[in-house]
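Below is one structure, written out as structure tokens, with a few remarks after it.
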Amino acid sequence: MHHRTCLSCLLVWILMVWGGVSPAQNLVPTVFPSSTAAAEAWAGGPGTPAAQAERTGVRFTIPFDREMDRVYWDADVRLDLSSTPILEIDLSCDRPEAMRSLMIYAKSGAGWYIWTVPLIQSGRSVVSLHRSRATVEGTPTGWDRIERIRISPWKGEAVAASLLLHGLTAQPMKVIIVQGETGYANAGEKSVGRTAANRVSRWLGLGGIPHTVISESEAARGLASGISVVILPYNPQLSTGFLKTLRNAVNRGAKLIVMYSSSDSLAGLMEVALQPAQQTRDISRWREIQWMGRRPAPAPERTYQTSWSIGPIRPVGRDARVAAVWGNAIGQASKDVALVETRRGFWFSSVLQEDDETGKTDLLVALCGELDPSLLYNAAAQARRGAGRLGSRPSFAASLDEIQRLASRSSLNRDTLEAFSARAKALNHRVQSADRNQSPDKLLGATRALDGVMRMAYSLGQEPKSGEWCAVWEHDGTGLYPGDWDRTCRMLADHGVTALFVNALWAGLAHYPSEFAPPSNTYKHYGDQLAQAVKAARAHGLEVHLWMVCWMLDNAPADFVARQAKAGALQQTADGKQKSWLNPASPAARSYQLSLIREAITRYDLDGIHLDYIRYPDRNSDYGPLTRRTFTADTGISPARWPGDVQSGGPNAAAFDRWRCEQVSSFVREVRKLTRSLDPKLQLSAAVWGGYPDIVHSIGQDWAEWIARDWVDFVCPMNYADRLPAFTALLASQAQLPQARQKVRPGIGVTSGESRLTSDQVIEQILAVRRAGYSGFALFDLSKTLELDTLPALRRGVLRQP
């Protein structure tokens, strides 16, 4: 089935977007006959250097090598943005690490609308500014009366930088994501809907698809006639008004992408039939989406995802078809439908989850392009801007220089790297040719080929480091192939990994038989996961550390949580609401967790215990009666107002912060004493937050004291950052702490919620770890991305084995 718009509409879009003519005029002045004219149009703040005219825009010099925290430039405008849901700012920066943040302000009356622009790498970037995501300062008159635009960098590192503004334009809105408001069972499920909307928005942004996110109630008031694709990321039920809006939009030719819904009315509109929902306790059952038949570019053949429940569907409309089915952990296709295509759009049987960001991005680009071919030009333009760029390097040329530098010093791969350089140059010519010929399909293919060649060359040009420790966090507790730990451990060892953190124990759940923790469904289905992991790790020479999630009970059985609540062992917020977290001040909770650790050490041949969530959830806990009594008994302080006096800003807040840290730290001491008594060679480690010392106040985690006092053998700060400067800043800050280089093994967020890294970005961060003098690193987390992309790249170079 082909969803195609009329040729004349497509040609108009090509002329507007591809030919360089903006769909809307530049909203701010960027082209000037002289720097004097540029400085007059963009008035600098106090101490701010004057704006300068350049051929492709206006240049702002950022003198953060001086003692100043902020600079800004203002341009007076007269804009009505009330019908503009999204703007795009086009800019270049040579040293993004100089900026802690880049703020864009739109003044209206007595207030401002404000965006924070993320600059992940140097070079040229186009960033979407969603009106719905702007914060408000003061009391702006309204979006219809914008009178000034302000560009304001805030200081990061103490270096000078330069910012070149090429343009600020209003984009025609063709794609919207509708965040649900009705049909959710509870506040937690509604939060899942909000997260799903933000996740899909991120993927579309990475893919270059202009879009905005609106609420269901806003959508119910009607959609603009130009909307071509409506995405429902997780909308279980729809309001009557919203359904009416969707029917009207579909009648006008708009298409829908639905990511699970239980709405029969929506299913009727989309020409699919709903079947009873299915759940599984088998983690291996629904692990990938496999295409059947024709697959639109650039959708991957397989998109990886772990789903625990689906809403089965079948096509019933004219020309409707099953587009994709679910595959299991070893790639076997099932009969369970994952995706249906109809003349009205696409319907997934599950909400799309975090895993496989690259695959999900390409999948959504393909679906949007199938429903509205003009959107592929947006995706191709984005791909063209970043084609061939490695990591934090600003351009293809700078990246190619790096490959040639690596070739000049390589004795093993010099000829190969020179051949890759030649291949990259040829592919770059293909990119330029496809660009000139206005062929988005060819351009997307050429840019992906160029990116692949450059990353391959970059990985081959790296050198291994003898004796380097490399761990992987394994979150599911089953390995990549449930029931086959040997396959997972063999793969990890073959790729140079030396240690494995197996998440087989939670505060309220165990993936092995325990006398104390409730058994998990994984244990019931696949047996003792810790015993299987240890056996396989031993066979392949891997260290195996039991990864234990402390205190947090979110996945524990309800009856277990209820017993803890009845015993008074749970934490409370300031307003008296219970949290499903055990209280570190509870003797019973501490004793219980020590029993879990003792049991694991005495029963299994472990190399280490790895503590996670060894902290409070946030500053808003714990304020329960037990904490109040214990705080007073330990400190002699009896707050007159509880909890006000111990909350931030209260007279006893500092004392309470120290006391909270002691509850966590004293537990770490107890674990250390226990492990030393049972097995002196056993390593004790912890996954910790990277932002020390702020975390002492926010979550009661003083891990610097733990390493200084030898209460742990090492810590893995979760330094999850997309930007290399942010990552290196964390490394540098942590290196100042006593014993850091001996006892800190930084965590790299390959597939974390905070960072999603390509293989070249992972390599850059590993090289930064080495330069900072640390002895090893840990990768988060074991996934198909790690298996198929990251680890093969590392094995070619930084983890290459003799």
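The values are calculated or read from the model by the stated rules, or taken from the named source; none is laboratory data. These numbers were taken from a predicted model, which means no experiment stands behind them. Cβ sites come from the backbone with ideal geometry, for glycine too, and all protein chains shown count toward neighbours. Only protein heavy atoms, including side chains, enter the accessible area calculation; ligands, DNA and RNA are left aside. Shrake-Rupley method; radii C 1.70, N 1.55, O 1.52, S 1.80 Å.
Table for the structure above
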read-out: Proximal aspartates and glutamates relative to Lys524, as straight alpha-carbon distance under 16 Å, when same-chain residues fewer than 8 apart are discounted; value: Asp282, Asp476, Asp484, Glu515
read-out: Inter-label distance for Asp401 and Glu515, nm, one decimal - labels placed 7 Å from Cα along Cα-to-Cβ; value: 6.6
read-out: Probe 1.4 Å, accessible area per residue of region 426-567, Å²; value: 37
read-out: Surface accessible to a 1.4 Å probe, per residue, for the residues of region 189-234, Å²; value: 34
read-out: Residue-averaged 222 nm ellipticity for the chain, from DSSP H runs of 4+ at -39500 (n - 2.57), nearest 500; value: -11000 deg cm²/dmol
read-out: Spin-label proximity, Ala531 to region 586-614 - amide N less than 14 Å from point 7 Å beyond Cα toward beta carbon; value: 600, 603-605
read-out: Residues with amide H under 5 Å from that of Asp781, placed H, sequence gap 5 or more; value: Val750, Thr751
read-out: Arg538 accessible area, assembled protein chains, probe 1.4 Å, Å²; value: 90
read-out: Violating pairs (Cα-Cα greater than 25 angstrom) within the set Lys579/Lys681; Lys190/Lys577; Lys335/Lys784; value: Lys579/Lys681
read-out: Relative contact order %, region 69-197, counting alpha carbon pairs below 8 Å whose residues are six or more apart; value: 37
read-out: DSSP-defined beta bridges in the chain - what % are antiparallel, rounded to 5; value: 60
read-out: Residue-normalised accessible area of region 594-749, given per residue in Å² at a 1.4 Å probe; value: 39
read-out: Per-residue ³J(HN,Hα) for region 227-236, Karplus 6.51 cos²θ - 1.76 cosθ + 1.60, θ = phi - 60°, Hz, x for Gly and Pro; value: 5, 10, 9, 10, 10, 10, x, 5, 10, x
read-out: Extension reserve of the Thr635-Val159 stretch, reckoned as 0.36 nm per residue once the Cα distance is removed; value: 166.9 nm
read-out: Full-extension gain in nm, Asp94 to Ser215, via 0.36 nm per residue minus C-alpha separation; value: 39.8 nm
read-out: Hz values of 3J(HN,Hα) by residue in region 720-727 - Karplus curve (6.51, -1.76, 1.60), Gly and Pro given as x; value: 7, 8, 6, 8, 4, x, 5, 5
read-out: Separation of alpha-carbon centers, region 163-186 and region 201-237, rounded to whole Å; value: 7
read-out: For a label point 7 Å along the Cα-to-beta-carbon line of Gln801, residues of region 489-508 with backbone N under 11 Å; value: 490-498
read-out: Relative contact order for the chain, counting Cα pairs under 8 Å that sit 6 or more residues apart, in percent; value: 9
read-out: Estimated FRET transfer efficiency when R0 is 22 angstrom, pair Ala539-Thr602 (beta carbons, to 0.05); value: 0.50
read-out: log₁₀ of I(q)/I(0) at q = 0.09, 0.10, 0.17, 0.20 Å⁻¹ - region 256-405, Debye sum with one point per alpha carbon; value: -0.35, -0.42, -0.95, -1.20
read-out: FRET efficiency, 1/(1 + (r/R0)^6) with R0 41 Å, evaluated for Arg423 and Asp282 via beta carbons; value: 0.40
read-out: Rounded, prolate or oblate (a/c below 1.5 giving rounded, otherwise prolate when a/b exceeds b/c) for region 340-471 by Cα gyration tensor; value: oblate
read-out: J(HN,Hα) series, region 345-359, from Karplus relation 6.51 cos²θ - 1.76 cosθ + 1.60, nearest Hz, glycine and proline x; value: x, 10, 9, 8, 8, 8, 5, 6, 9, 5, 5, 6, 4, 4, x
read-out: Within the accessible area of region 275-368 (1.4 Å probe), percent carbon and sulfur; value: 46
read-out: Where labels lie 7 Å past Cα in the beta-carbon direction, separation of Asp415 and Asp319 in nm; value: 5.4
read-out: Net length gained if the chain between Ser309 and Asp65 were fully extended (0.36 nm per residue, minus Cα distance); value: 82.5 nm
read-out: Principal-axis tilt of helix 375-386 within the chain, Cα atoms, nearest 10 degrees; value: 70
read-out: Cβ-derived FRET efficiency at R0 25 Å, Asp618 paired with Ala567, nearest 0.05; value: 0.65
read-out: Angle between the chain longest axis and helix 529-539 axis [Cα atoms, degrees, rounded to 10]; value: 90
read-out: Antiparallel DSSP beta bridges within region 506-636, as percent of all bridges there, nearest 5; value: 40
read-out: Around Ser284: net Lys/Arg minus Asp/Glu count, Cβ-Cβ under 11 Å; value: -1
read-out: Carbon/sulfur fraction of accessible area - region 712-802, other protein chains in place, 1.4 Å, %; value: 51
read-out: Region 612-768 shape via C-alpha gyration tensor axes, a/c threshold 1.5; value: oblate
read-out: Distance in nm between pseudo-label sites at Asp486 and Ser265 (7 Å out along the Cβ direction from Cα); value: 5.6
read-out: Antiparallel DSSP beta bridges within region 188-309, as percent of all bridges there, nearest 5; value: 55
read-out: Shape call, the chain: gyration tensor on alpha carbons, a/c limit 1.5; value: rounded
read-out: Sequence of His545, His525 when ordered by accessible area, the most exposed leading, probe 1.4 angstrom; value: His525, His545
